[in-house]
Every structure is written in C-alpha cells, then in structure tokens.
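Worksheet: one structure, shown below.
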Amino acid sequence: MTELVLPYSPRPFFIPFHQRSARYASIVAHRRCGKTVACINDVVAKALYNRKKNPRYGYIAPTYRQGKEIAWQYLKDDARPAIKKIRESELSVELVNGAKVSIFGADNPDSLRGLYFDGVILDEFGDMRPSMWGEVILPTLVDRRGWAVFIGTPKGKNHFYEIVKRSQEEEGWYSSILSVNDTGLFSDLDIADFRRQMSDEQFRQEFLCDFTAAITGAYYAKLLESPVAGPAYDPDLPVFASADLGYTDSTAFWFWQEYPDGECLIDYEEADNQALSYYFDLLQYKSYKYDTIWLPHDAVAKTLQTGRSTVEQFIHAEFPVRIAPRLAIQHGVDAARKVIPGVRWDLENPRVLQGLDALRSYRRKYDEIKKIYQDAPFHDWTSHCADAFRQFALVSKRATIAATEAPSGPPSYGFSLEDLYSCQPKKTLRI
C-alpha cells in the first residue's frame with residue numbers, strides 16, 4: 001500500500017464539517033474564511049475513500065469561468081499527490097482510485113443533466129437560479145445516494161437562506177455559520193478597518209453573515225421585504241401573462257389576474273434552452289383562460305430558423321398576444337417600483353416565491369474602477385424574471401403607458417412584418 005499525504009491542514013472551525021455524517025450540509029462563512037479550500041479538500045478525501053465503481057464528484061460555481069478561476073488551481077494543487085490524470089480541457093482530475101472530480105458552472109445547467117454524482121459542492125448557491133437544485137442537481141444524486149454541500153455568503157433572504165433554514169431545522173443536515181467573530185482570523189484592527197471602508201450593509205453581509213442586511217445595489221429588495229398575500233388562481237377570472245423570451249438563454253413568464261382593487265401575481269415559470277413549442281405546451285397545459293399574453297418588443301423580429309417572427313408563431317398557436325411598450329430599462333424599473341406596493345402575490349405558490357427571490361436579488365452593475373453603481377442591471381439568473389416583471393409593470397393598470405396591440409384573429413400569413421410594425425407607434429420601434 002502507498003501512503004498519500006494531502007497538503008491540507010484544516011482550520012479548527014472546519015473540523016466538525018469534515019467529520020460530519022449528515023448527507024446534506026450548509027456553510028455560511030465570511031469572506032476569506034477558506035470555505036472553498038475546505039470543501040475542495042473534503043471532496044478529494046471522500047473521493048479517495050469511495051469504493052464504488054467509477055466515483056464521480058462535482059464542484060459547481062455560479063459560472064464556469066468562476067469555477068475555473070476560484071477552484072481549479074486549488075483542486076490541482078491540493079489533490080496532486082493523489083492525481084492520476086489531469087484534463088485541463090474538461091477541468092477535471094482523475095484520482096489514483098479511479099474517482100473523478102470536475103469543475104462545473106451553473107450558467108450551463110445542460111452540462112450537468114444526465115450525469116450522476118457521489119457528492120457535489122454548490123459554491124455561492126445564492127448566485128445560482130433557485131431551480132438549479134431541485135431540477136438539475138438533486139436528480140444526479142439519487143442513484144448513488146450522493147451528498148451535497150451548499151456554501152456561500154448571505155445576499156438577502158433568497159433561496160440560499162431557505163436552504164440554511166432547512167439545515168438548521170431538519171434532521172439529516174449539518175449546518176455551520178461562521179462570522180468574523182466566530183473564526184478569529186482577523187485582528188480587531190483589521191475588523192475596524194473593514195468597517196471604515198465598507199457600508200454597514202456590506203460589512204454585515206460579507207463579514208457578519210447577516211441575511212437581513214439589504215443587498216447593495218438591489219432594485220426592489222426593500223419594496224419586497226413584506227409582499228402582500230393575495231388570492232390563489234380563480235378559474236372564473238381571465239389570466240394575463242408577460243414574458244421575457246430567449247432561446248439560448250432563459251425565458252420567463254409572470255401570470256396575474258385583475259381584481260377591482262388591483263392585480264394579483266398567481267404564477268411564475270422559467271426555463272432555458274427551449275424552443276417556442278415548449279412554452280406553447282406549457283401555456284396550454286396550465287388551462288388558464290388567457291385574456292392577453294404580453295410579449296416584448298423584439299418579438300416582432302423574424303428568426304432565421306423559421307422565417308417567422310415570435311409574435312406570428314404565438315398567433316399561429318392561437319394565443320391572444322399584444323406587444324408591450326419599448327422603453328429604456330430604467331424607465332421599466334421605475335414603473336416596477338411604482339406598481340409593486342399595490343400588487344398582491346399568491347404566496348402559497350412555490351413558483352411565485354421563486355420569482356420573488358429573483359426580484360429581491362435583482363441589482364445594478366458595480367463599476368470596480370470608479371467605485372459607483374451603473375445605471376444598468378447586473379446580468380445573472382435574476383435578469384429574465386425581472387425583465388418579465390418589468391413588462392408586467394409597463395402594462396399594469398397602474399402604469400400610465402399605453403401598450404400596442406398585435407394582430408388578432410385566426411392564424412394567417414396574410415400580413416407582413418411591416419404590418420406588425422405598423423401596429424406600434426413608430427417612435428418606439430427600431431429595426
């Protein structure tokens with residue numbers, strides 16, 4: 001037998017984590033705590049002791065690039081005594097016992113579908129779309145009874161916060177919260193310096209692991225701290241929907257019903273890398289009685305794949321569609337801020353809660369050079385949900401902007417793209 005010595009000495013506060021027996025775990029830790037290094041070495045150690053056939057493990061970052069920059073070098077360095085083969089093109093290593101450890105990005109969920117894992121690390125889970133766990137990762141663990149670890153720092157009460165609450169309340173979970181006061185990694189002078197150079201919200205979030213701290217740069221977080229509960233779907237009332245459409249990226253739909261005292265958001269859907277036919281099936285499956293489905297302004301553009309515009313395909317599928325106004329993003333954000341206080345939400349619908357998580361986390365870009373927030377949103381998993389909600393805000397009864405109507409009637413090819421454009425105010429359209 002050959003003795004392998006890994007170049008890792010765990011920090012004292014991570015020893016209980018390495019000794020855990022629970023299948024699932026969550027770690028909330030302050031910046032520079034060493035949680036990524038601890039988790040990488042935990043994966044390697046467990047992979048080496050695995051006696052199953054073809055063990056497979058994964059480290060998943062919010063994006064593939066982040067995974068490469070944050071964890072890939074750690075994996076190669078810390079596992080080097082046990083590595084049999086390194087595959088740079090795949091960001092994976094094969095260990096001496098045949099186990100494979102790979103780096104993935106949550107921005108490409110299709111790269112994970114169909115795989116199996118004996119264990120996974122989800123780093124900064126709060127920066128991933130909420131459906132990543134239930135729809136993509138959990139099925140990969142079923143066959144092998146694989147384990148999962150969720151790690152990150154707080155960014156409001158989002159889906160990572162919900163995971164942390166589960167880990168504290170349910171059996172079969174390990175939970176650890178490590179603030180700067182728990183680890184002792186920094187001196188009092190360092191901590192005082194952090195406080196001087198960061199806002200109170202930033203310090204509480206990054207170093208005190210405080211989920212109640214406001215997300216810096218968030219558009220709607222404060223407005224959505226206590227959303228007003230509303231009624232569930234009423235089959236006697238028509239349903240309206242607004243969409244943000246994409247093919248190589250996500251598509252999102254918000255659904256609502258109108259009441260004398262305002263709108264109630266009753267449902268939310270999001271998927272990625274799907275053809276329009278998938279969403280037609282989804283809309284029909286819900287069996288809603290649609291009054292109007294609002295599409296974004298670019299739905300009038302023809303596609304190279306079909307030679308028809310998105311709005312033409314919706315009309316051909318016999319959906320009642322109209323085109324939402326085309327305005328600058330900031331104007332749409334202002335409209336959303338205006339309508340949020342007056343709308344209600346079906347808080348019993350988990351998909352609505354998923355959409356609310358995204359809206360709370362939707363935030364502006366931060367310019368690291370100029371140290372200012374830009375007048376543009378940060379593009380991440382929250383963007384499509386927020387774009388669809390912005391379409392809703394523009395056509396809400398509380399909005400003062402008049403929307404335009406797409407051609408209605410039976411499916412027909414007797415109109416041109418110019419006819420569709422003519423349905424909108426010329427000043428709002430650009431080709």
- Condition test on residue 225, is it outside any loop (DSSP other than H, G, I, E, B) and either closer than 30 Å to residue 186 by Cα or outside the structural domain of residue 32 (by TED's automatic domain parsing) (or both)? no
- Message: With aromatic (Phe, Trp, Tyr), over 18 Å from the mean Cα position of the chain (by Cα) and in a loop (DSSP other than H, G, I, E, B) as the only criterion, which of 211, 186, 203 stands out?
- Response: 186
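Report whether or not residue 120 is in contact (Cβ under 8 Å) with a residue 60 or more places away in the chain and over 30 Å from residue 201 (Cα atoms). Reasoning before the result, please.
Details: in contact (Cβ under 8 Å) with a residue 60 or more places away in the chain: yes; over 30 Å from residue 201 (Cα atoms): yes.
For residue 120, the condition - in contact (Cβ under 8 Å) with a residue 60 or more places away in the chain and over 30 Å from residue 201 (Cα atoms) - is met.
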- Selection count, the stretch 190-200, where residues are polar (S, T, N, Q) and either outside any loop (DSSP other than H, G, I, E, B) or in the same structural domain as residue 359 (by TED's automatic domain parsing) (or both): 1
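Take the residues in the stretch 9-35 that are charged (D, E, K, R) and within 21 Å of residue 163 (Cβ to Cβ), then tell me which one is surrounded by the most Cβ atoms within 10 Å (Cβ to Cβ). Working first, answer last.
Of the residues in the stretch 9-35, the ones charged (D, E, K, R) are 11, 20, 23, 31-32, 35.
Subset that is within 21 Å of residue 163 (Cβ to Cβ): 20, 23, 31, 35.
Details: 20: 17, 23: 15, 31: 11, 35: 25.
Applying the filter and picking the extreme gives 35.
In the stretch 216-230, which residues are touching a strand residue (DSSP E or B) at 6+ places or on another chain (Cβ under 6 Å) and more than 30 Å from residue 206 (Cα to Cα)? First the steps, then the outcome.
Filtering the stretch 216-230 down to residues touching a strand residue (DSSP E or B) at 6+ places or on another chain (Cβ under 6 Å) leaves 217-218, 227-228, 230.
If the condition is that a residue be touching a strand residue (DSSP E or B) at 6+ places or on another chain (Cβ under 6 Å) and more than 30 Å from residue 206 (Cα to Cα), then 230 is the only one that fits.
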- Among the residues of the stretch 338-362, write down those that are without any contact (Cβ under 8 Å) to a residue 40 or more places away in the chain and either among the aliphatic types (A, V, I, L, M) or in contact with a Phe, Trp or Tyr (Cβ under 6 Å, 6 or more places away or on another chain) (or both). 353
- Query: If you take the residues in the stretch 69-85 that are within 11 Å of residue 101 (Cβ to Cβ) and touching a residue at least 40 places away in the same chain (Cβ under 8 Å), which one is farthest from the chain's Cα centre (by Cα)?
  - Reply: 82
- What number of residues within the stretch 1-20 are under 29 Å from the mean Cα position of the chain (by Cα) and in contact (Cβ under 8 Å) with a residue 60 or more places away in the chain? 2
- Message: Please go through (1) in contact with an Asp or Glu (Cβ under 6 Å, 6 or more places away or on another chain); (2) within 19 Å of residue 63 (Cα to Cα); (3) part of a loop (DSSP other than H, G, I, E, B) for residue 129 and return the number of the only condition it doesn't satisfy.
- Response: (1)
- Query: Of the residues that make up the stretch 98-112, is at least one outside any strand (DSSP E or B), on the phi > 0 side of the Ramachandran plot and surrounded by fewer than 17 Cβ atoms within 10 Å (Cβ to Cβ)?
  - Reply: yes
- residue 89 vs. criteria farther than 17 Å from residue 148 by Cα and either modelled with pLDDT under 95 or of a type outside the set (Val, Ile, Thr) (or both): yes
- Out of the residues in the stretch 56-97 that are among the basic types (Lys, Arg) and surrounded by fewer than 20 Cβ atoms within 10 Å (Cβ to Cβ), state the one that is nearest to residue 6 (Cα to Cα). 80
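The values are calculated or read from the model by the stated rules, or taken from the named source; none is laboratory data. Just so it is clear, the model here is predicted, and its values are computed rather than measured. We place every Cβ from the backbone using ideal geometry, glycine too, and count neighbours over all the protein chains shown.
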